[in-house]
Amino acid sequence: MTKRCERLGSSAAARSALRDAKAVLFDCDGVLWRGEAAITGAAEALGRLAGAGKQLCYVTNNSSRTRQAYVEKLQRLGFPPAETRQVFGSAYCAARYLSHALPAGGAAYVLGGAALSAELEAVGVAHLGAGPAPEPGSANFGSRAPLDPSVRAVLVGYDEHFSYGKLCLALRYLMRDGCLLVGTNRDNRLPLEGGSAVPGTGCLVKAVETAAEREAFIIGKPNRYIFECVGKEFNIDPARTIMVGDRLDTDILMGNNCGLTTLLTLTGVSTLEEVKGHLESDCPERRNLVPDYYVDSIADLLPTLQD
C-alpha cells in the first residue's frame, strides 16, 4: 500500500484509523515530552485514548533508562498510569534477547551504564563491564586485562564511559568463536534542547563493529525485534496498531516494516520537508520512510477523539 502522509483527521478514513485502532505505540522523547516538559496536550490525548480502551505502549531506543524510570516519568508529567510491562526500552529488550540467546552459564560484556546493568540483572543475565573502565597503564586496562571465561556476548548500549580500553576488551571477547555482538540501537545523534546534539549509541556500535569486522544484531527501532517483544507481551493485531513517532528512520520505518499504521508527529526530529523528499523519490527504501499520517503535535489527536 502506498504511503501518502495525510494529515490525521483531514478525512473520514484518517479519523477512522484512530478510532479503529486497538493499540497505540508511542516513542517518548520528542513525542510525549522534551526533556522534563510534557508536550502540551499530550497527557490529555493519552488519557482519552486509555479511556477509549486503547492498549498504550511505550517503545523507545533509549538504553540509559530502565522501564521503571519511564513509568515514574510518565506519572511525574501527568500521563495515564502505566505499568512496567507497557514500556519497551532497548535496554530491557536487549536483556530479554540475551536471556534466550546466551548459552547456559554464559555472561555478557557490557558497554553501557547503570540502567542497562539493572535490566540485565532483572532478567538474570550475568554481566560485567558496565560503568567506568580501568585507567590506561593499569594491569586491567583493555589490552592487558584477563578475560572472563564465561563471556559469550558483547552488548553495546549508551555508555558515557566508552573508552579505548573498553573497545580493546570488547574486540578480544569478540575474537572468541561464537561470541555474540548485540547493539541496543543505531541512533547516531541525540538532539538536545536549543538545537545542540550529542553522539548516540550508534557511534559506539559502529566503533565496535569496525574493530570486530562484523555487524551487530540490533535490538531497537527500526528493527523488528523490539516490536516482537511488544507482540509477545500483548496480543495485538498489527493491522489495528498505530506507531507514533518523531523520527522517520526509526519509528516510522519500524512501523512500516512491521505492517503498522504510522503517524509522524512534528514536535521532534523529522520534518515534512524530509517526508516530501522521500515521497518524490523513486527509491523503494526512501519511500518506506513515508508515514501514513502526520500531526503537528499529539495534542492534534484530541479533536478526532472527540468525534
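Values as computed for the structure displayed
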| quantity | calculated |
| --- | --- |
| Segments 20-31, 117-128 sorted - mean Cβ within 10 Å per residue, highest first | 20-31, 117-128 |
| Percent carbon-and-sulfur accessible area, segment 61-203, ignoring ligands, DNA and RNA, probe 1.4 Å | 53 percent |
| Per-residue SASA entry for THR40, accessible area with 1.4 Å probe, Å² rounded to 10 | 120 Å² |
| Prolate/oblate/rounded label for segment 51-104 (Cα gyration tensor, a/c 1.5) | prolate |
| Calculated FRET efficiency for the pair ASP237/SER16, C-beta based, R₀ 25 Å, to 0.05 | 0.95 |
| Heavy-atom SASA rank of LEU8, LEU180 (probe 1.4 Å, accessible area, largest first) | LEU180, LEU8 |
| DSSP bridge pairs, the chain: antiparallel proportion in percent, nearest 5 | 10 percent |
| Cα gyration tensor shape of segment 222-307, rounded if a/c is under 1.5, else prolate or oblate by comparing a/b with b/c | oblate |
| Potential lengthening between GLU213 and GLU6 on full extension [0.36 nm per residue; Cα-Cα distance subtracted] | 70.3 nm |
| CD proxy at 222 nm, helix term only [per DSSP H run n ≥ 4: -39500 (n - 2.57); per residue of the chain; nearest 500] | -9500 deg cm²/dmol |
| For the chain: accessible area per residue (Å², 1.4 Å) | 45 Å² |
| Exposure of ILE236 as accessible area (Å², to 10), given a probe of 1.4 Å and all protein chains | 30 Å² |
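The values are calculated or read from the model by the stated rules, or taken from the named source; none is laboratory data. Given the structure is predicted, the values throughout are model-derived calculations rather than measurements. Neighbour counts are summed over all protein chains in view; Cβ atoms, including those assigned to glycine, are modelled from backbone coordinates with ideal geometry. These accessible areas exclude ligands, DNA and RNA; they are computed on the full protein's heavy atoms, side chains included. Shrake-Rupley method; radii C 1.70, N 1.55, O 1.52, S 1.80 Å.
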